[in-house]
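> Got a structure for you, written out below as structure tokens; questions coming shortly.
The values are calculated or read from the model by the stated rules, or taken from the named source; none is laboratory data. Bear in mind that the values here come from a model prediction, so they are computed numbers and not experimental data. Because the Cβ atoms are built from the backbone with ideal geometry, glycine has one as well, and the counts that use them run over all protein chains shown. Each accessible area value is taken on the protein alone, full model and side chains, heavy atoms only, with ligands, DNA and RNA left out. Shrake-Rupley method; radii C 1.70, N 1.55, O 1.52, S 1.80 Å.
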Amino acid sequence: METTFDNFTLIDHPLIKRDVTILRNQSTGTEIFRAALHRISNILAVEISRGFNVSETAVETPLEQTTGYKLVQEIVLVPVLRAGLGMVSGFLEIIPDAKAGHIGLQRDEVTLKPVEYYYKTPRNIANSIVILLDPMLATGGSSSEAIRYLKTRGARNLVFACLVAAPEGIEKLLKDHPDIKIFGAALDRKLNNKGYILPGLGDAGDRTFGTL
Ligand code: PRP
Ligand code: URA
């Protein structure tokens, strides 16, 4: 694992490198794209969950009692609609008892500012680890706004999991929210003048749902 910005961790893993290449390839169709997104989300979930705390709990094996462990905090996954939905199944496979909320945000293609259209999370998230899921961290506008909403609803322990991050987005997000941790599968070069990540993978929502 290698860290390039404070609070940004690039998950450096051979299988992630292989799968990010599949996602980047413009010839990759929806089915293969979703499967690669799912596998990367599995690995991100494993790496992010290294930071979870556990407490001891007694467990009866068929032979005797011994010490087991349980997670101390509830985990809440919050995908940003639409593209974040593609990461949910991969995270749930690793953290099956996680709860899930949803935030609907759409980037206005002209102003590049996020516009909210849906919000629903479990009622009390103050003591939970809240993991925001969105494959793309471009200008950082959407994820910064999503984190702002989550904080107004009480979230205090926030992690952002993305696939592809642009340096501009990481800088904005950590400037707006220096208390969060970001995990990414790829750190790309820069944004183009339409706010797309270079080299990137195009529009993650369209590629996940076949709406190109
Ligand atoms: C994409 C992506 C992020 C956002 C990133 O969503 O999934 O939410 O753009 O860009 P930003 O960092 O500049 O805000 P989009 O607005 O295209 O919506 P969609 O997922 O419904 O396609
Ligand atoms: N949103 C995407 O889906 N892709 C980008 O490159 C930037 C924002």
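> Name, by its number, the condition in (1) more than 9 Å from ligand 1 (Cβ to nearest atom); (2) open to solvent by 30 Å² or more (accessible area, probe 1.4 Å) that does not hold for residue 168.
Unmet for residue 168, out of (1) more than 9 Å from ligand 1 (Cβ to nearest atom); (2) open to solvent by 30 Å² or more (accessible area, probe 1.4 Å): (1).
> Does any residue of the stretch 43-53 turn out to be open to solvent by 50 Å² or more (accessible area, probe 1.4 Å), in contact with a helix residue (DSSP H, G or I) (Cβ under 8 Å, 6 or more places away or on another chain) and outside any loop (DSSP other than H, G, I, E, B)? Before the answer, list the steps.
At the first step, the residues of the stretch 43-53 found to be open to solvent by 50 Å² or more (accessible area, probe 1.4 Å) are 46, 50-51, 53.
Next, from what is left, pick out any that are in contact with a helix residue (DSSP H, G or I) (Cβ under 8 Å, 6 or more places away or on another chain): 46.
From what's left, outside any loop (DSSP other than H, G, I, E, B): 46.
Checked against the condition, which is being open to solvent by 50 Å² or more (accessible area, probe 1.4 Å), in contact with a helix residue (DSSP H, G or I) (Cβ under 8 Å, 6 or more places away or on another chain) and outside any loop (DSSP other than H, G, I, E, B), the stretch 43-53 yields at least one hit.
> Also, I was wondering about something else. Determine whether the stretch 58-72 contains at least one residue that is more than 21 Å from residue 150 (Cα to Cα), open to solvent by less than 60 Å² (accessible area, probe 1.4 Å), at pLDDT 95 or above and part of a loop (DSSP other than H, G, I, E, B).
Yes, some residue in the stretch 58-72 is more than 21 Å from residue 150 (Cα to Cα), open to solvent by less than 60 Å² (accessible area, probe 1.4 Å), at pLDDT 95 or above and part of a loop (DSSP other than H, G, I, E, B).
> Here is a further query. Give the residues of the stretch 145-165 that are open to solvent by 10 Å² or more (accessible area, probe 1.4 Å) and within 12 Å of ligand 1 (Cβ to nearest atom), sorted by residue number.
145
> Can I ask one more? Suppose we filter the stretch 73-104 for residues that are more than 16 Å from ligand 2 (Cβ to nearest atom) and part of a loop (DSSP other than H, G, I, E, B); how many remain?
To start, the set of residues in the stretch 73-104 that are more than 16 Å from ligand 2 (Cβ to nearest atom) comprises 73-78, 88-102.
Within this subset, residues satisfying the condition of being part of a loop (DSSP other than H, G, I, E, B) are 73-74, 95-98, 101.
Counting residues in the stretch 73-104 that are more than 16 Å from ligand 2 (Cβ to nearest atom) and part of a loop (DSSP other than H, G, I, E, B) gives 7.
> Return the residues of the stretch 112-140 that are open to solvent by less than 10 Å² (accessible area, probe 1.4 Å), under 26 Å from residue 200 (Cα atoms) and among the small types (Gly, Ala, Ser); say none if nothing qualifies.
140
> Let me ask you something else. Of the conditions (1) in contact (Cβ under 8 Å) with a residue 60 or more places away in the chain; (2) more than 22 Å from residue 8 (Cβ to Cβ); (3) surrounded by 14 or more Cβ atoms within 10 Å (Cβ to Cβ), residue 26 fails just one. Which one is it?
(3)
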